[in-house]
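This report refers to the structure that appears directly beneath it.
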Amino acid sequence: MSVKSSLRGYFEMGGLTLECRLFGLASLIRVAILKVWSESFVIWVKHKGLSKMLLPFLMALTQSSCTNMVLVEGSLPTPLVEKIPARLGVYYSEEFKSYQYKENLPQFGAYEIDLGNQNLKFFRNLSGALFAEVLEIDSPELTSEQRSVLDAVFIPRIVEYGFLVPAMSTLSFHEVSIKYEIQLKDRYGKNLGRWSFVGYGKAEASRFGSGEAVGEATMLAIRDGGARIATEVAPAMATALKEAGIWQEKGLAK
Amino acid sequence: MTIRCAIFLCLVLSGCVSSRIEQSRDIVTGIESDEAMVILGRASYNERETKASFTECIEAELSGGSGAIRLIPQDKFKDDLYPWFEPRTAPTSASELGRLFTEPGVRARIDEAKIRYLAWIDGDTLTTNKGGSMSCTLTTFGGGCFGMSYWEQDASYQASIWDVNELTTAGKISADASGTSYIAGLVIPIPIIARPGNAACKGLANQLRDFILGGS
C-alpha cells in the first residue's frame, strides 16, 4: 500500500468530516476514534520507516480538520409591502458586507459562518422593495451631488450574532439570533431614528447536518430580521420621514 | 427472493401503531380543478413546532394518487407572500385573513395563484416514555449487543382548513397515533420500529382529501 492511498483511506474511513457532523454522542466516539486512529497511525508510520519529521505535520493536518464551514444560502424573497415614497441612499459598511462569525465550541468543533454575502443580497432586495428609489453609497456622509438627489440615508448594521447547537440548548433545534440595528439619517447627517431588533431562526437538528442546520437557521434569522424591518421598522421609518418633512406624497419629481 | 425477504422483514419488524382521526366541518367544501391548496406547518418560537418533514409527507400524499389536489409548495407560497406568512407575522385565525388582505398586493397574489384553501398543520411527535437497556461491545475479536430498550411515541396533529374565498374556517381534522418501538440486542441489534408520525400523516392526508373533495 502506498503512502498516498493509505492516507486517503484514513480520511475516507476515519471520516473526521463525518465525525464532525455527529453531535453529542459523537464527541465521545470522536475522541475514542481519534485516539485509536492516531496510535495506529504512529505504529504504521514507524513500521513503514517514514521520517518522524512528517508525523507532527500529518497529525496537525488531520486533527485540525474538524471545522464546520457554514454556508448560508436560501431564497431571497421580495417583500410585498407598500413602498415609502422617498429616495434613500443605502450604506453598507465593509463589516456588514463581509460579516463572518467564528466560534470554537470545545466539545463540538469550530464553526465558521460566512453570512455577509447572503445577508447583503437579502438587504439589497429588501431596501429596493421598501423605498421608491434606492442608491447604494460608499460613505454614510453624502456628497453635495448626492444631497441633491437623495432624501435620507439608510444604514443597516449587524450588532451581534449568536447560535446554539442542540446539546447546548437542550432543544432539538439549532438556533440562531442576529441583532440588527437600522439607522436613518437625513441628507445632512441628522439622526432621524435608530431601531434595534433581533432576527431569530431555528432548524431541525435531525434534518440537516450540524453545519447545514446552522446555515439554515442563519438564513431563517436573516429572513425574520427582514420581516421585522418590513412590518415594524418600515412604518416607523415612514413616520420619521414624514415628521422630518421628507415624504413625497405626490410621487418623486426629478 | 430478496424483495420478498425485505417485505417479510419489514412486516415482521414493524411495530404496532394505533391511530384515531376526528373531523369537524363548519361549511360545505369543494375545489375546482384549477384551484389550489397550500399546506402550511405552524411554526412557533418554542420547542414544539410542526416539522417540515411532516408537512412534506402530507403534500406527497395529497398530490399523488386518485383525487389528487393541486398544491402550492409551502416555501414558494411563503416567498411569494413574504413577509406575511413568517412565524412572526402569520395569521393565527381565519378572521385575521381579512386584515391581511388589506395589505397591498396580498389578495392579488393569492388570487393569481388560484389558492382556495390554506391548511395549517399544528402538532408534533413526542417520545412519551422510554426504558430498558442495551449495551454493545466492540473488540478486536468481534462484538455484539445484548439487552432490550423501548420507547413510546405519540403523534398528535391538527389541521385547520381555511377557506380563502369565504375568509372563514372550513373545518378541523385531528389525527392522533401512538406506538412503541423496540430494539432487542441478540448479538446483532434487531429493531422493531413503530412509526406513529407516518401513520398520523397518512391518516390526516386521507381525511383532508375527503374533507376538501367531499362537499357537505
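Going through A:115, A:142 one at a time, which residue ends up being under 11 Å from the mean Cα position of the chain (by Cα) and either in the same structural domain as residue A:234 (by TED's automatic domain parsing) or modelled with pLDDT of 95 or more (or both)? Break it down into steps so the answer makes sense when it comes.
On the way: A:142 fails: under 11 Å from the mean Cα position of the chain (by Cα).
The conditions single out A:115.
Do we have any residue at all in the stretch A:210-226 that's more than 18 Å from the chain's Cα centre (by Cα) and closer than 23 Å to residue B:103 by Cα?
For the stretch A:210-226, residues more than 18 Å from the chain's Cα centre (by Cα) and closer than 23 Å to residue B:103 by Cα: absent.
Can you spot a residue in the stretch A:130-153 that is surrounded by 19 or more Cβ atoms within 10 Å (Cβ to Cβ), among the polar types (S, T, N, Q), farther than 21 Å from residue A:247 by Cβ and away from chain B (no Cβ under 14 Å)?
Within the stretch A:130-153 (the criterion being surrounded by 19 or more Cβ atoms within 10 Å (Cβ to Cβ), among the polar types (S, T, N, Q), farther than 21 Å from residue A:247 by Cβ and away from chain B (no Cβ under 14 Å)), the answer is no, since none of the residues qualifies.
If we keep just the residues of the stretch B:44-65 that are surrounded by fewer than 18 Cβ atoms within 10 Å (Cβ to Cβ) and in contact with a Lys or Arg (Cβ under 9 Å, 6 or more places away or on another chain), which is nearest to residue A:169 (Cα to Cα)?
B:45
How many of the residues in the stretch A:188-212 are surrounded by 20 or more Cβ atoms within 10 Å (Cβ to Cβ) and of a type in the set (D, E, K, R)?
Residues in the stretch A:188-212 being surrounded by 20 or more Cβ atoms within 10 Å (Cβ to Cβ) and of a type in the set (D, E, K, R): 1 in total.
For the stretch A:167-189, state whether one or more residues are in contact (Cβ under 8 Å) with a residue 24 or more places away in the chain, of a type in the set (Gly, Ala, Ser) and within 13 Å of another protein chain (Cβ to nearest Cβ).
Within the stretch A:167-189, one or more residues are in contact (Cβ under 8 Å) with a residue 24 or more places away in the chain, of a type in the set (Gly, Ala, Ser) and within 13 Å of another protein chain (Cβ to nearest Cβ).
Could you list all residues from the stretch B:178-216 that are of a type in the set (A, V, I, L, M, F, W, C), crowded, with 17+ Cβ neighbours inside 10 Å and assigned to a helix (DSSP H, G or I)?
Across the stretch B:178-216, the qualifying residues are B:199, B:200, B:201, B:204, B:205, B:208, B:211, B:212.
For the stretch A:170-198, what are the residues that are at pLDDT 90 or above, of a type in the set (Val, Ile, Thr) and within 26 Å of residue B:49 (Cβ to Cβ)?
Within the stretch A:170-198, A:176, A:178, A:198 qualify.
Taking the stretch B:66-78 as the search range and keeping residues that are within 14 Å of chain A (Cβ to nearest Cβ) and surrounded by 17 or more Cβ atoms within 10 Å (Cβ to Cβ), which one is nearest to residue B:172 (Cα to Cα)?
Among those residues, the one meeting the criterion is B:74.
Looking at B:34, B:75, can you tell me which residue is out of contact with any helix residue (DSSP H, G or I) (no Cβ under 6 Å at 6 or more places or on another chain) and within 27 Å of residue A:130 (Cα to Cα)? Spell out how you get there, then give the answer.
On the way: B:34 fails: within 27 Å of residue A:130 (Cα to Cα).
Just a single option satisfies the conditions, and that option is B:75.
Whether any residue in the stretch B:138-153 is surrounded by 15 or more Cβ atoms within 10 Å (Cβ to Cβ), within 19 Å of the chain's Cα centre (by Cα), within 14 Å of chain A (Cβ to nearest Cβ) and not aromatic (Phe, Trp, Tyr) is what I want to check.
So far as the stretch B:138-153 goes, yes, one or more of its residues are surrounded by 15 or more Cβ atoms within 10 Å (Cβ to Cβ), within 19 Å of the chain's Cα centre (by Cα), within 14 Å of chain A (Cβ to nearest Cβ) and not aromatic (Phe, Trp, Tyr).
For the stretch A:199-206, state whether one or more residues are within 25 Å of residue B:44 (Cα to Cα), more than 14 Å from every other protein chain (Cβ to nearest Cβ) and either at pLDDT 95 or above or out of contact with any Leu (no Cβ under 9 Å at 6 or more places or on another chain) (or both).
No, the stretch A:199-206 contains no residue that is within 25 Å of residue B:44 (Cα to Cα), more than 14 Å from every other protein chain (Cβ to nearest Cβ) and either at pLDDT 95 or above or out of contact with any Leu (no Cβ under 9 Å at 6 or more places or on another chain) (or both).
For the structure I just gave you, tell me whether residue A:218 is away from chain B (no Cβ under 11 Å), surrounded by 17 or more Cβ atoms within 10 Å (Cβ to Cβ) and polar (S, T, N, Q).
Here the answer is yes, as residue A:218 does meet what is asked.
For the stretch B:54-65, enumerate the residues that are within 14 Å of chain A (Cβ to nearest Cβ) and without any contact (Cβ under 8 Å) to a residue 12 or more places away in the chain.
Across the stretch B:54-65, the qualifying residue is only B:56.
Name, by its number, the condition in (1) in a helix (DSSP H, G or I); (2) within 14 Å of chain B (Cβ to nearest Cβ) that does not hold for residue A:241.
(2)
Please specify each residue of the stretch B:83-125 satisfying the condition of being within 13 Å of chain A (Cβ to nearest Cβ) and surrounded by 21 or more Cβ atoms within 10 Å (Cβ to Cβ).
Answer for the stretch B:83-125, where residues must be within 13 Å of chain A (Cβ to nearest Cβ) and surrounded by 21 or more Cβ atoms within 10 Å (Cβ to Cβ): B:83, B:84, B:85, B:110, B:125.
The values are calculated or read from the model by the stated rules, or taken from the named source; none is laboratory data. Small disclaimer: the values here were computed from a predicted structure and weren't measured. Cβ coordinates were reconstructed from backbone atoms using ideal geometry, including for glycine residues, and neighbour counts include every protein chain displayed.
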